[in-house]
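Report on one structure; see the data block that follows.
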Amino acid sequence: MTSAVEVCAVVLAAGEGTRLRPLTERVPKALCPVGNVALLDRALARVAGLGLTGPGAVAVNACYLGGQVVAHVGSRAHLSVEPGDPLGTAGGIGNLRDWIAGRGVLVGNADAYLAAPDVAPGPDVAALLDGWDGETVRLLGQPAPDPRAPGTFSGHRFVGFSLLPWRQVRDLPPTFGDLVRAVWRPAEAAGALEVVPFAGTFYDTGTPGDYLAANLHAAGDDNLVDPAATVTGTCVRSVVGAGAVVAGTVTRSVVWPGATVRPDERLQGAIRASGTLTVRTD
């Protein structure tokens, strides 16, 4: 990192993932696999690529199905378990003020899938930190199809990571709120918001279609099959998780760990989750 101030990282993993239901009825969105790697693990690897590791430097918040998130993270990060309903992006940061304790905060959404050609996770977003003086709010962004559309910042859409000064964090209450209204728009109005371009691929994985697209991007032009999967059928540009059994045909699809595709089944543009739960996107 090349920031002039001390920075910690918070990975937001408390959300319910309502748009991904029924996939998220039993598994929190942050633990849904993309390319056979949990989204949360991808986010933790990205901040680790910036030198931020361990419970002193990295925090993860949890709420919905939070016990699964807590067990998955273990001792890798400081855990902030929110009681009741999720506190939102601003409330989740406010709930961590005592842990943040004066530092700048790199905030990452666990459900953001990012990939840059020929650049490792971490260095691919390092421009967010380069030369940062701890005063401005920075957002990672990509040019929006409609630069004037609601939700854009200087003609860019937000792509999963932001950098917040301590002065913007210290007064955030641990109550429900979002960073857009609480921090980003006020900073923009004050001329204190910078958009840092991201040249790679981004999916927010919030819908089944985008979730599938992220998996197919991770697979590239081939299949991505875990060595612990059993495939006796046919796979065409699909992702198959550990312990999965594919006896039928899967095309441009995702088969979760432990799931089964029977010999008489043909899946295309679909996600086969635990058991026989199937979400189709085509």
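One table, with the values for the structure above:
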item: When residues of segment 92-145 are limited to those that are part of a loop (DSSP other than H, G, I, E, B) and free of Cβ contacts under 8 Å to residues at least 60 places away in the same chain, the one most open to solvent (accessible area, probe 1.4 Å); result: Asp118
item: Flag for Arg272 being open to solvent by less than 20 Å² (accessible area, probe 1.4 Å), charged (D, E, K, R) and touching a strand residue (DSSP E or B) at 6+ places or on another chain (Cβ under 7 Å); result: yes
item: Every residue from segment 200-212 that is of a type in the set (Gly, Ala, Ser) and either within 14 Å of the chain's Cα centre (by Cα) or on the phi > 0 side of the Ramachandran plot (or both); result: Gly206
item: Single condition Arg19 does not satisfy, out of (1) in a helix (DSSP H, G or I); (2) farther than 18 Å from Ala270 by Cα; result: (2)
item: Segment 160-185: number of residues that are assigned to a loop (DSSP other than H, G, I, E, B) and hydroxyl-bearing (Ser, Thr, Tyr); result: 1
item: Output for segment 146-159, where each listed residue is at pLDDT 95 or above and open to solvent by less than 30 Å² (accessible area, probe 1.4 Å); result: Val159
item: Filter result for Tyr203 (open to solvent by 20 Å² or more (accessible area, probe 1.4 Å) and within 22 Å of Ala115 (Cα to Cα)); result: yes
item: Segment 173-183: number of residues that are in contact with a Leu (Cβ under 9 Å, 6 or more places away or on another chain) and open to solvent by less than 70 Å² (accessible area, probe 1.4 Å); result: 5
item: Breaking point among (1) of a type in the set (Ser, Thr, Tyr); (2) over 23 Å from Ala112 (Cβ atoms); (3) open to solvent by less than 30 Å² (accessible area, probe 1.4 Å), for Ser162; result: (2)
item: Filter result for Arg157 (over 16 Å from Arg46 (Cβ atoms) and assigned to a loop (DSSP other than H, G, I, E, B)); result: no
item: Where Pro83 falls short, out of the listed (1) touching a residue at least 60 places away in the same chain (Cβ under 8 Å); (2) of a type outside the set (Lys, Arg); (3) open to solvent by 10 Å² or more (accessible area, probe 1.4 Å); result: (1)
item: First in segment 233-250 and of a type in the set (Lys, Arg), second anywhere and open to solvent by 40 Å² or more (accessible area, probe 1.4 Å), Cβ under 6 Å, 6 or more apart; result: Arg237/Arg252
item: Among the candidates Val240, Val261, Val245, Val255, residue that is open to solvent by 40 Å² or more (accessible area, probe 1.4 Å), farther than 16 Å from Ala115 by Cβ and of a type in the set (Val, Ile, Thr); result: Val245
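The values are calculated or read from the model by the stated rules, or taken from the named source; none is laboratory data. Note that the structure is predicted; figures quoted are calculated from it, not measured. Cβ atoms come from the backbone with ideal geometry, glycine included; neighbour counts cover every protein chain shown. When the accessible area is computed, the model is the full protein with side chains, heavy atoms only, and any ligands, DNA or RNA have been set aside. Shrake-Rupley method; radii C 1.70, N 1.55, O 1.52, S 1.80 Å.
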